[in-house]
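What follows is a structure written as structure tokens; I'll ask about it next.
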Amino acid sequence: DAAPAAPPAEPAAPRRRLFGGWRLKLGVGLLAAGTAAAAVIVMTGQDGPSGKATPPLAQGGHGFTEVAAKAELAPTGRYWFSDDVSGQAYVMRPKTGAYAIFGAQTESHITTDTGAKATTTYMERDLPARPATKEDEAAWRRAGSPSSLRVWSNDHYWTYTTQAKPWSGGETDSMKGGKFYGPSGTLLSKEEFATLPTDPSALANAFFSNKGWGGHPLAPALKKKFDLKPPGKMTPRQKLFEAGGAIRNMPLPPKVRAGLMRALAAQPGIQTVKDAVDPLGRRGIALAAAPESVTWTAEYGAPKAEQGTFVGRDELVFDPKTGELLSEQTVLTTPGGAYAQLKPGTVLNYWILRQSGWTDTKPQPPADLPF
């Protein structure tokens, strides 16, 4: 993963600590870069979002065949939409006792009309920072239930609050005349997406070959601006992110989506996690990359409490009943460094899909908060 040589400039809006270099939000044009001071790469299934022991891994796509088959049965329609929630874990360390919170929480609702109107509606709202578990909530109350929470994020301190903000955004012309970004950064219509192969080996070649940096829409601009070169061979973790981004953002026909899931499950280094749980408490089966050790240093001014080494793994959690993607998340496997006080199985970073897919009825952003 590429990272700039120096800390990036302060953004106009809160930016969460990123776990894996480039993270792109399709349909929004949002680009963020992780820095060496706060670069994490972790994911695992767990017994619950409260952070219990992580369940064991199974090699390859063991137990995943039926999940992919369920994805083939998903409906199609006129509107492609997704409602996702992203967030990041931080550790607060008051004198009354340490506790974890989720901050940098944002919910995005994106709907694209693939009919004659060809428009995209993008809505977003900032969500309240919150204690990660009931135990953390008790510790937060012992600390006086602060409504303002100051954390170290990337190369600076940032303050999150426990207040929600209303939805904002609106309707715009659909990107490139109703087209979506597909593999290799190509622009495809709904009809053209329907011509993508369903064979797992063909999809692996399209998404995991690093031709054009996969489906990243900003790849040409990134390459020109930073003079970056695509890596010659994708790691299992990179393939996991590539597949997760495609499933989360691209209007893939059900059989193509199922084929990509099978393609990822068959990749060397991809393992199965049973009994995985996302931050909404939904249980599923996950595809995961092997755990990785991550070290944060004082290079960009990180305080001593944020420095050190921990281990974790990345995973995509799927609903075993429907084959739908539930979450792309990072989970702690071996505590240490900034996360020394947390338990194995704690979710450190997540991108939850509350809902997504095709429908013939124009979706509306939910009024209720996800948590």
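The values are calculated or read from the model by the stated rules, or taken from the named source; none is laboratory data. Keep in mind that what you see is a predicted model, and the values were worked out from it rather than measured. Cβ placement follows ideal geometry from the backbone for every residue including glycine, while neighbour counts extend to all protein chains displayed. Only protein heavy atoms, including side chains, enter the accessible area calculation; ligands, DNA and RNA are left aside. Shrake-Rupley method; radii C 1.70, N 1.55, O 1.52, S 1.80 Å.
Determine, yes or no, whether TRP213 is open to solvent by less than 50 Å² (accessible area, probe 1.4 Å), of a type outside the set (D, E, K, R), at pLDDT 90 or above and closer than 29 Å to THR235 by Cβ.
no
Then there's this: Could you figure out which of (1) out of contact with any helix residue (DSSP H, G or I) (no Cβ under 9 Å at 6 or more places or on another chain); (2) basic (Lys, Arg); (3) crowded, with 17+ Cβ neighbours inside 10 Å isn't true of ARG313?
Against the list (1) out of contact with any helix residue (DSSP H, G or I) (no Cβ under 9 Å at 6 or more places or on another chain); (2) basic (Lys, Arg); (3) crowded, with 17+ Cβ neighbours inside 10 Å, ARG313 comes up short only on (1).
Residue-by-condition table, conditions (1) at pLDDT below 95; (2) crowded, with 24+ Cβ neighbours inside 10 Å; (3) over 22 Å from ARG130 (Cβ atoms):
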{"position": "VAL277", "(1), (2), (3)": "yes, yes, no"}
{"position": "PRO291", "(1), (2), (3)": "yes, no, yes"}
{"position": "ALA305", "(1), (2), (3)": "yes, no, no"}
{"position": "THR309", "(1), (2), (3)": "no, no, yes"}
{"position": "THR334", "(1), (2), (3)": "no, no, yes"}
{"position": "GLY357", "(1), (2), (3)": "yes, no, yes"}
{"position": "PRO363", "(1), (2), (3)": "yes, no, yes"}
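Here is a further query. Tally up the residues in region 107-137 that are among the aliphatic types (A, V, I, L, M), open to solvent by 10 Å² or more (accessible area, probe 1.4 Å) and under 24 Å from GLN329 (Cβ atoms), please.
Summing the residues that are among the aliphatic types (A, V, I, L, M), open to solvent by 10 Å² or more (accessible area, probe 1.4 Å) and under 24 Å from GLN329 (Cβ atoms) in region 107-137 gives 4.
Also: Looking at region 123-146, is at least one residue closer than 30 Å to GLY301 by Cβ, free of Cβ contacts under 8 Å to residues at least 24 places away in the same chain and assigned to a strand (DSSP E or B)?
no
Considering only residues of region 77-106 that are charged (D, E, K, R), surrounded by fewer than 23 Cβ atoms within 10 Å (Cβ to Cβ) and touching a residue at least 12 places away in the same chain (Cβ under 8 Å), which is nearest to SER356 (Cα to Cα)?
Looking at residues that are charged (D, E, K, R), surrounded by fewer than 23 Cβ atoms within 10 Å (Cβ to Cβ) and touching a residue at least 12 places away in the same chain (Cβ under 8 Å), I get ASP83.
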